Structure formats: structure tokens, C-alpha cells
Amino acid sequence: MNIKTCLIFLSLLIQPFNLSAGTTAFDFLKIGVGTRQMGMGNNGVASQGDVNSLSYNPATGSDLTQQEVGFLYTRWLEGITYQYASYAYPHAN
């Protein structure tokens with residue numbers, strides 16, 4: 001075999017290992033907000049309106065009847081910290 005054939009063969013062997021490159025970047029953006037929503041597997045789209053469900057579905061703010069405040073502090077991997085604060089004030093129509 002010549003060198004060119006060997007290089008083509010090696011590149012075909014290495015290629016399947018590179019298919020998953022970059023699939024785990026920015027996983028910290030998937031951290032949920034609100035204990036109830038995180039307990040449901042980060043599925044807060046159809047939950048009753050509270051201040052934490054606004055980050056999943058802003059339309060749930062129409063269900064609010066009183067002022068609400070929400071805070072979240074998470075220490076994650078490699079020294080990453082995640083803070084979230086929200087405030088909702090319902091307006092009368």
C-alpha cells in the first residue's frame with residue numbers, strides 16, 4: 001500500500017469518533033428555574049402561573065393574582081454558579 005491509501009484508510013477510521021464533538025457545550029444553559037418545574041423534568045410550560053413559570057412560558061403571567069418574588073442560587077460544576085431572580089406584578093385589566 002502506498003502512503004496515500006494508508007492516510008485515506010486512517011481518516012475513515014477516525015471519522016466516527018468526531019461525530020459527537022461539541023455536543024456538550026453550554027450545558028449550564030439547561031439548568032431549570034423553580035423547584036416545582038425542575039421536579040417535573042424542566043417542564044413548566046403548562047403549569048399554573050407563578051413567578052418561576054414565566055421563564056418557561058410568559059403567557060402564564062396572566063394567571064397571577066398577587067405579587068410574587070422568586071430567587072434561585074445554584075453551585076454547579078467547575079465553580080460555575082447560577083443565580084436567578086424574578087419579580088412579577090399583576091396588572092388589573
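The values are calculated or read from the model by the stated rules, or taken from the named source; none is laboratory data. Predicted model only: the values in this text are computed from it and were never measured. Positions of Cβ are generated from backbone atoms using ideal geometry, with glycine treated the same way; all protein chains shown enter the neighbour counts. Just so you know, the surface numbers come from the protein's heavy atoms only, side chains and all, with ligands and any DNA or RNA stripped out. Shrake-Rupley method; radii C 1.70, N 1.55, O 1.52, S 1.80 Å.
Structure notes:
- For SER53, the shell of other residues with beta-carbons less than 12 Å away shows a net charge of -2, using +1 for Lys and Arg and -1 for Asp and Glu.
- In terms of the mean number of neighbouring beta-carbon atoms within 10 Å, the peptides 51-59, 83-91 order highest first as 51-59, 83-91.
- Longest to shortest principal axis, alpha-carbon extents of segment 49-93, angstrom: 46, 17, 9
- Neighbours of ASN42 by Cβ distance under 14 Å: Lys/Arg scored +1, Asp/Glu scored -1, total +1.
- With the whole protein complex present, ASP63 retains an accessible surface near 80 Å², based on a 1.4 Å probe.
- Derived scalar couplings ³J(HN,Hα) [segment 67-79; Karplus, 6.51 cos²θ - 1.76 cosθ + 1.60; whole Hz; x for Gly, Pro]: 5, 9, 10, x, 10, 8, 10, 10, 9, 10, 6, 6, x
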